[in-house]
Structures are given as C-alpha cells and as structure tokens.
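Before any comments, here is the structure.
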Amino acid sequence: MSHTPHATEPPAAIARLDHTVVYASHRQLSVDFLAAVLGLEVGAPFGPFLPLDLGNGVTLDYYEKTDEPIQPQHYAFLVPEDRFDGMIERLEAIGVTYYADPNHTRPGRVNDLFGGRGAYFDDPDGHNMEIMIRPYARP
C-alpha cells in the first residue's frame, strides 16, 4: 500500500533541498564573500566545487564558470535575528551597498516585511542575495 501525502502534510516530509550549484566567475572570491557576510566557514574543495555549509543541511556549491557570462540568480537566506545587524555591519565594512528592496532602489535601508527585517545586496557576480529574519507569509 502506497502512502499518498495529504494537503496538510508539510512539504519537508516529501523533499528537502540538499545542495545547489552557484556559478561564479571566480569561485574562491564569491564563496569567501558570502561566507564573510553570513559569518560562515568555507568547506574543503569537493571536486570542482567549493561548498558553503549553511548549517541546516544545505550547501551552496560554488562552481567556476568561465566559458560564458554568469546569469544572476536570487538567493534568500533566513538568518537569526541576533546575527542580522552583524551581517549589515560586515556589508558596510567591506563597502557593499545593501537595499531594502529587490530592485535596489532604496540603498542603505532595511525592510520590515512580515514583521521582520531584511536586505538585498549583490555578490561579486551580480547574484541578488537576500537576508531576512522572518520567512515570507505564503497563501
């Protein structure tokens, strides 16, 4: 007898993201950048990848891609509230502008979406990174 999930069953019971590849023109520069902002350590190389363990069982595996331009993606990170200010301070210390909105029209500000705080910033390849302390409310 097979088990059919019910609509009330949480999606995590079905599938959990393990890793994803992040293309970078210079993988070491890009992984070091995000590790510094988030306050994480870069893992040991794994084949052509440099992993950044996010601490929740998911890694971002940075892969150097030099044969064509990097297509920017969006990566959103739910971060602990007590670490958010430190991340903003690290962005300021390295001269990276952060924004309150994904279109980067409100520089140097954080948002208050869903009763939390959040900010967007670009990594060295133009990936639109987001840090937030509250998950988005979904319908």
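The values are calculated or read from the model by the stated rules, or taken from the named source; none is laboratory data. This one's a predicted model, so the numbers in the text were calculated from it and none came from an experiment. Note that we place each Cβ from the backbone using ideal geometry, even for glycine, and neighbour counts take in every protein chain shown. When the accessible area is computed, the model is the full protein with side chains, heavy atoms only, and any ligands, DNA or RNA have been set aside. Shrake-Rupley method; radii C 1.70, N 1.55, O 1.52, S 1.80 Å.
After finding the eigenvalues of the alpha carbon gyration tensor for region 82-121, what semi-axes result from the square roots of 5 times each, listed largest first in whole Å? Mind dumping the intermediate values first?
Details: eigenvalues 50, 39, 6 Å².
Ellipsoid semi-axes (Å, largest first): 16, 14, 5.
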Query raised in the report: Taking +1 at the Cβ of each Lys and Arg and -1 at the Cβ of each Asp and Glu, which of Ile94, Thr20, Ile70 sits farthest along the dipole of the chain towards its positive end, judged by Cα position relative to the Cα centre?
Result: Thr20
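Counting only protein heavy atoms and a 1.4 Å probe, tell me what percentage of the chain's accessible area is made up of carbon and sulfur.
On the way: 4700 of 8720 Å².
Ligands and nucleic acids excluded, carbon and sulfur reach 54 percent.
Can you give me the accessible area per residue for region 1-134, using a 1.4 Å probe, in Å²?
61 Å²
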Report summary line: Using alpha carbon centers only, region 84-139 is separated from region 28-75 by a whole-angstrom value of 18 Å
Query - Length gained when the stretch Glu81-Asp122 is fully extended (0.36 nm per residue, less Cα-Cα span) - result: 12.7 nm
**Report entry** Approximate spin-label separation Val58-Tyr136, in nm, with each point projected 7 Å along Cα-to-Cβ
**Finding:** 1.3 nm
Query raised in the report: So for the chain, what percent of the C-alpha to C-alpha distances run longer than 20 Å?
Result: 52 percent
Report task. Treating only the Cβ atoms of Lys and Arg (+1) and Asp and Glu (-1) as charged, compute the dipole magnitude of region 1-138 about its Cα centre; round to the nearest 20 debye. Result -> 360 debye
